[in-house]
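Notes follow the structure.
The values are calculated or read from the model by the stated rules, or taken from the named source; none is laboratory data. Source: prediction; values computed, not measured. No Cβ is skipped: glycine too gets one built from the backbone with ideal geometry, and neighbour counts run over all protein chains shown. Remember, those area values only see protein heavy atoms, side chains included, never the ligands or the DNA or RNA. Shrake-Rupley method; radii C 1.70, N 1.55, O 1.52, S 1.80 Å.
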Amino acid sequence: MGWLDSSHLPQAADNATLAGRLMLPEGPTPVFVVHGRVLDMSRVAPTVSLLLERENPADASGGIDIGGVADLARPLLSPFDLQCIKACGVTFAESAVERVIEERAGGDAGRANALRETLRERIGADIRSVRPGSAEAATLKAALIEEGLWSQYLEVAIGPDAEVFTKAPVLSSVGTHSDIGVRADSDWNNPEPEIVLAVNSKGKVVGAALGNDVNLRDFEGRSALLLGKGKDNNASCAIGPFIRLFDSGFSMDDVRNIVIELTIEGEDGFRLSGSSSMNQISRDPLDLVKQTMSDHRYPDGFALFLGTLFAPVQDRDVAGSGFTHKTGDVVSISNPLLGMLVNRVTYCADASQWTMGIAEFMGNLAARGLLSSEKQKDIAA
């Protein structure tokens with residue numbers, strides 16, 4: 001579990017309103033960071049999910065100043081609590097090609113390199129040129145089927161329906177400087193640096209954070225039906241350090257143009273850098289929000305991973321084997337507008353186990369006198 005310090009903050013943080021959660025002695029507590037001061041917001045709303053339901057989520061009035069960022073050494077949690085953790089996949093053309101490679105390689109990293117050049121040359125150029133769900137995309141689909149190159153991943157890359165799945169259970173995501181987990185029986189896996197939107201129950205996007213959608217490429221490559229095992233494991237979902245709330249200085253247009261930087265540093269001296277540019281996404285973020293809510297409602301709101309352009313192919317050990325994590329890797333995901341999310345890789349079984357579920361969380365809030373039906377009605381009104 002990481003600690004709050006100024007290195008987590010965005011550049012020019014004095015002009016931002018940051019929403020997050022600290023583990024205080026009394027329990028998990030929603031906080032704002034404004035002008036370098038940490039405000040306990042629990043008396044305004046006991047959960048981050050309820051803070052985001054207010055008419056103006058960035059309004060910090062009513063918060064209690066509990067210290068400066070530099071003075072308050074407390075564990076920093078994932079900024080999401082009762083929200084569902086959803087994710088969209090295959091939203092970038094480059095990552096779509098990599099998913100097809102995984103599928104055709106059957107999850108075997110050693111076979112992937114031989115497929116990469118051919119498939120990127122044939123499929124990659126085409127899917128970059130079409131808008132998902134368009135008539136042109138349908139024509140391309142027919143051509144690829146005729147050539148024997150069609151894939152379930154191309155269906156969600158250029159078809160009308162985006163891939164939307166549940167990444168992690170409520171309350172299970174981890175924050176910055178917490179360990180992240182990969183399964184010990186996975187031989188091909190990687191981080192996925194992404195933007196995570198904060199969406200309230202009305203479907204309104206109120207802010208954004210950084211996320212790591214830890215991915216087991218061998219599991220999903222063997223079968224798309226193993227997506228759950230490839231994505232939803234202990235400590236496999238990291239978000240943070242804070243949700244930067246939308247205001248006059250930060251908006252969805254900023255999100256659409258963010259470049260996310262990623263660095264992996266291994267204990268073996270290995271280093272890999274990469275990036276993901278949101279202006280290369282195939283579907284607009286608001287369309288992904290709409291599709292997530294098309295036939296579902298989220299009364300506590302949801303977090304939405306938007307997918308990534310990043311798919312590491314750099315060989316780590318054996319030539320042609322590509323990249324995979326080793327325990328002890330430190331993954332840093334950053335952007336000047338959103339700060340830095342840092343996590344160390346370990347096996348899922350060795351990471352801190354998720355133990356505080358909804359019942360215990362509600363019991364903690366009740367014991368602190370933070371639950372009031374009237375207050376919650378006022379917030380939701």
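Data for the structure
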read-out	value
Helix 135-146 axis, angle to the chain major axis (alpha carbon atoms, nearest 10°)	50
Highest-MSF residue in the chain out of D213, D40, D268 [GNM, Cα springs under 10 Å]	D268
The chain, dipole about Cα centre (Lys/Arg Cβ +1, Asp/Glu Cβ -1), debye to the nearest 20	520
Highest-fluctuation residue, E103, E26, E94 considered, GNM on the chain with Cα pairs under 10 Å	E26
Accessible area of the chain divided out per residue, in Å², using a probe of 1.4 angstrom	40
Built amide H within the under 5 Å cut-off of E163, gap 5+	G89
Residues in the range 25-52 that a label on D71 would reach, taking backbone N under 11 Å of a point 7 Å out along Cα→Cβ	37-38
Helix-only [θ]222 nm of the chain, DSSP H runs n ≥ 4, -39500 (n - 2.57) each, per residue, nearest 500	-6500 deg cm²/dmol
Within the range 98-114, backbone nitrogen closer than 12 Å to the virtual label 7 Å beyond the Cα of S223 toward Cβ	none
Rounded tilt (10° steps) of 93-105 against the dominant C-alpha axis of the chain	60
Carbon plus sulfur fraction of accessible area for the chain, probe 1.4 Å, in percent	51
Principal-axis tilt of helix 358-367 within the chain, Cα atoms, nearest 10 degrees	10
